[in-house]
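Here is the structure we will look at.
The values are calculated or read from the model by the stated rules, or taken from the named source; none is laboratory data. Since this is a predicted model, take the numbers as computed values, not measurements. Neighbour counts run over all protein chains shown; Cβ positions are idealised from the backbone, glycine included. Please note that ligands, DNA and RNA were not included when accessible areas were found on the heavy atoms of the full protein model with its side chains. Shrake-Rupley method; radii C 1.70, N 1.55, O 1.52, S 1.80 Å.
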Amino acid sequence: MTLHATRRTVLLATGGATAALVAGCGDGDSGGSGQDQDPGAASASAGQVLARTSEIPVGGGKIFTAEKIVVTQPAEDDFKAFSAVCTHAGCTVATVADGTINCPCHKSEFKIADGSVVAGPAPSPLPAREITVEGGSITLA
């Protein structure tokens, strides 16, 4: 017995796979690789409380994935904030350890003190973000 596929069954059978393939082709940012722009800039709003100061370890940091921001504390009571979007290919950084902010995609590393590149292929530092530290809270400026 030979089965003949109609146009409708072919479209129905491949429609889900095509939608999944198209959905996986980008992150919704039509601006390219992220090298010339910072997709993290519009992801967080001024006045938004990110964390308590006690949540950010001295010599480390915390990544706020939804806001695309990483907050670090290089020294006691010295808080810094940077975009969490790697300047190489636009991936979101994944860890903060041993004094660096680390991107999982191509292993770029950035200093927690100033966002500068420690290890490439990232071509430029993580852009700084303005924060306010008051009363134990870290807020976006």
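Quick rundown of the values:
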| item | result |
| --- | --- |
| Qualifying residue in the stretch 2-18 (condition: out of contact with any helix residue (DSSP H, G or I) (no Cβ under 9 Å at 6 or more places or on another chain), farther than 15 Å from Ala128 by Cβ, at pLDDT 95 or above and open to solvent by less than 70 Å² (accessible area, probe 1.4 Å)) | no |
| Any hit, the stretch 75-84, residues being under 13 Å from Ala122 (Cα atoms), out of contact with any His (no Cβ under 6 Å at 6 or more places or on another chain) and in a strand (DSSP E or B) | no |
| Number of positions in the stretch 85-114 that are closer than 19 Å to Val133 by Cβ and either of a type in the set (S, T, N, Q) or not in a strand (DSSP E or B) (or both) | 3 |
| Pick from the stretch 83-141, criterion buried (at least 18 other Cβ atoms within 10 Å of the Cβ) and charged (D, E, K, R), ranking: nearest to Thr53 (Cα to Cα) | Arg129 |
| Hey, Val70 over 18 Å from Glu130 (Cα atoms) and touching a residue at least 12 places away in the same chain (Cβ under 8 Å) or not | no |
| Qualifying residue in the stretch 51-58 (condition: under 20 Å from Gly136 (Cβ atoms), touching a Lys or Arg at 6+ places or on another chain (Cβ under 7 Å) and modelled with pLDDT under 95) | yes |
